[in-house]
1. Please pick out the residue among 56, 15 that is closer than 21 Å to residue 151 by Cβ and among the acidic types (Asp, Glu).
2. With respect to the numbered conditions (1) in a strand (DSSP E or B); (2) in contact with a Phe, Trp or Tyr (Cβ under 6 Å, 6 or more places away or on another chain), which one is the sole condition not fulfilled by residue 21?
3. Out of the residues in segment 46-94 that are within 15 Å of residue 154 (Cα to Cα) and surrounded by fewer than 15 Cβ atoms within 10 Å (Cβ to Cβ), which is modelled with the highest pLDDT?
4. Identify, by number, the condition in (1) assigned to a helix (DSSP H, G or I); (2) in contact with a Cys (Cβ under 8 Å, 6 or more places away or on another chain) that residue 118 doesn't meet.
5. Could you look through segment 87-112, keep only residues that are in contact with a strand residue (DSSP E or B) (Cβ under 7 Å, 6 or more places away or on another chain) and either aliphatic (A, V, I, L, M) or in a strand (DSSP E or B) (or both), and pick out the one that is farthest from residue 19 (Cα to Cα)?
6. Residues to consider are 75, 142, 127; find the one that is closer than 15 Å to residue 56 by Cβ, free of Cβ contacts under 8 Å to residues at least 24 places away in the same chain and outside any loop (DSSP other than H, G, I, E, B).
7. Anything in segment 16-41 that is out of contact with any Leu (no Cβ under 9 Å at 6 or more places or on another chain) and in contact (Cβ under 8 Å) with a residue 24 or more places away in the chain? List them, or say none.
8. Can you confirm whether residue 132 is at pLDDT 95 or above, within 15 Å of residue 39 (Cα to Cα) and touching a helix residue (DSSP H, G or I) at 6+ places or on another chain (Cβ under 7 Å)?
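The values are calculated or read from the model by the stated rules, or taken from the named source; none is laboratory data. Please read these numbers as outputs of a predicted model, since none were measured by experiment. With ideal geometry, Cβ positions are generated from the backbone for all residues, glycine too; neighbour counts draw on all protein chains shown.
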Amino acid sequence: MEKIKSFTVNHMHLEPGIYESRRDLINDCVILTYDLRITRPNAEPVLNTAEVHTIEHLGATFLRNHPKYKDRVIYFGPMGCRTGFYLVMAGELPNKTIFEIVQAMFEFIALFEGKLPGGEAADCGNYLDHNLPMARWVARKYLASLSLIRDLSFTYPA
């Protein structure tokens, strides 16, 4: 079988940031998959499921309520390796816009207080596995990494 594109990226060279992972054309619509890399693979501890789950709930809530881009969000969810998240968007958007959306989403997560959206047993298949304080900490750490980004090409390192 052919190795899928994400397995051809040298994970030993990845730093936290935003990468364009895939670009697919479906019925004349470009579908863009972004790799939101939170931790350095194989160099930092992976994220625990509780904070990943909480980030997923808060991130999806933020994106699906975004006043301008909510109808272009296809998916936001964790990577199986627990080093980041995928954001899938319909249509071309400038990388600066994607950067601003991701930054605003993680600011929302870092500052979130109150009742977790979808955090009740009737709303969630694993409602006991959440950690808001840790999700907020992870979001602040990722925002610090984003503040260092100067190249908005979103290309993976060679």
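1. From the options 56, 15, the qualifying one is 15.
2. (2)
3. Out of the qualifying residues, it is 94.
4. Failed condition: (1).
5. 90
6. Just one listed residue meets the conditions, 75.
7. Hits for segment 16-41 are 29, 30.
8. Considered against the rule, which asks whether it is at pLDDT 95 or above, within 15 Å of residue 39 (Cα to Cα) and touching a helix residue (DSSP H, G or I) at 6+ places or on another chain (Cβ under 7 Å), residue 132 comes out as no.
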